[in-house]
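Written below as structure tokens is the structure these notes are about.
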Amino acid sequence: MARVRKALTIFSICALGLTACAKTDEPGAAQSPGQQQGPVKIGISLPLTGDFSEPGKGIQEGYKVWADQVNAKGGLLGRKVELIFRDDASDPNRVSSDYESLITQDKVNLVFGPFSSRLVIPAAKVAESYNMVFIEPAGAAAEVFEQGFKRLFYAAPAIADDHYNYLADYITKLPADQRPKTAAYASLDDPFAQGTAYGLRDKLAAAGIKTVVDEVYPPETTDFAPIAAKIAAAKPDLVVGGTQFEDSVGLVRALQELKVQPKLAAFSTGPTLAEFPAAVKGAAEHILSPVGWSAVSTFTGNQEMVKRYKELFGGEANEDAANGYTVGQIAEAAVNAVKCVDPTKECQDKLTEHIRQATFETVVGPLSFDDKGRPEQAHMIQQYVKGKIEIVLPEQAKTTGIVYPKQEW
């Protein structure tokens, strides 16, 4: 009976598609010391349903690609990686209980973060209370780094307030006769989304660009006509959305319907997803978005990740998947450096200290962190040009020049 149970356990891990199960896993076969310790269990709660389900699933796919590749190389310290997922349904209360359960009941070795600053903060509080290092892919709001966390690290090039830095620099350096005079902002009531929009707003306002609309809407909003009507009435030169996917699509459609014609339109997150152009029905041309990752970059492991993602999921990798994958890259490098992957405070302290001091080569570029876990790099700016995503800022990373002003909707 014990042999049957062991075979079933091995099958359940293999069935996840995350491990290359070899004959050494069979009962009676010789196993390495790492294998005898069992898998490295990594606990993750993600919004697989609810408001953030679209990017949440992208993060999950990135985690799966990383686990697949690290297992193909023999795992972490000779032990296969097993990902244990929970669906927090985009609920901050549920995400807390998920991580509590993963740490105390599933006895995971490591925890990886969820999607959205709203979920990262309560999740990180739980991880911190158990002395667990907490690498997260999508909690970029300034508020995340004001909680006093000692073990949190955001695995992306920049925090939310700094996502549009290259665009702000470009706009404010335009000749006076070309520089926009007014701007309208609409943002999802979410720390990350607001951080991206308001980081740009504050920099442009300091340069004399007047804010003529400033709207915040709840996550459940589906009718964007009233907000679009306010923007239409103000006739701004710039329209900026602090958005996720569904609301970016809703805003663009509503603006297009009212024939709002800004010189520049920028939306966070939504336009970085492959589904965006079809969802906005031809209105994507010249829309800008901050992006921490590009499919064509040659950063460490990127082309291998893009290739394996397509093999596993049949589509093109996106930024959410890349951010999830980056979390894995950092964890893998840290574990290999300090030679431990235990949930003990001693090991977690070693992992935390290494991550705080090191620079990591990842699919989003080199990453290092300040004393609050904030990344010390910057986001690129992408734009749809002739139907294709191009990197237009900064100068050293661009694939084509920025188009300004944009074509009419």
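The values are calculated or read from the model by the stated rules, or taken from the named source; none is laboratory data. If you're wondering where the values come from, they're calculated on a predicted model, not measured in any experiment. Here Cβ is always computed from backbone atoms with ideal geometry, including for glycine, and neighbour counts include all displayed protein chains. For accessibility, only protein heavy atoms count, side chains too; no ligands or nucleic acids. Shrake-Rupley method; radii C 1.70, N 1.55, O 1.52, S 1.80 Å.
Out of region 326-361, which trypsin sites (Lys or Arg not before Pro) are coil in DSSP terms and have no more than 13 other C-beta atoms within 10 Å? Let's see the in-between values first.
Working: sites: Lys339, Lys345, Lys350, Arg356; in loops: Lys339.
Sparse-neighbourhood loop trypsin sites (Lys or Arg not before Pro): Lys339.
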Problem - From the C-alpha gyration tensor of the chain, square roots of 5λ in Å - result: 40, 20, 20
Fill in the blank from the handout: Counting only residues 5 or more apart in sequence or on a different chain, those whose built amide H sits under 5 Å from that of Ser45 are Arg86
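Given a 1.4 Å probe and every protein chain left where it sits, what share in percent of the accessible area of the chain is carbon and sulfur? The partial results should precede the final answer.
Working: 8540 of 16770 Å².
Within the chain, the accessible surface is 51 percent carbon and sulfur.
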Problem - Part-to-part distance (alpha-carbon centres) for region 273-318 and region 334-409, which is given in Å - result: 15 Å
Handout entry: Hz values of 3J(HN,Hα) by residue in region 301-308 - Karplus curve (6.51, -1.76, 1.60), Gly and Pro given as x
Key = x, 5, 5, 5, 5, 4, 5, 5
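How much accessible area per residue does the chain have, counting only protein heavy atoms and a probe of 1.4 Å, in square angstrom?
Values: 16770 Å² over 409 residues.
Per residue, the chain has 41 Å² of solvent-accessible surface.
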Fill in the blank from the handout: Percent of all Cα-Cα pairs per 5 Å bin for region 33-89, counting from 0 up to the last occupied bin, reads 5, 20, 24, 18, 14, 10, 6, 2, 0
Fill in the blank from the handout: Check: C-alpha center region 74-96 vs C-alpha center region 150-190, spacing in Å is 32 Å
Problem - Reachable lysines, given that their alpha-carbon falls under 29 Å from the alpha-carbon of Lys263 and they are not under 8 places away in the same chain - result: Lys173, Lys181, Lys203, Lys210, Lys230, Lys235, Lys281, Lys386, Lys388, Lys398, Lys406
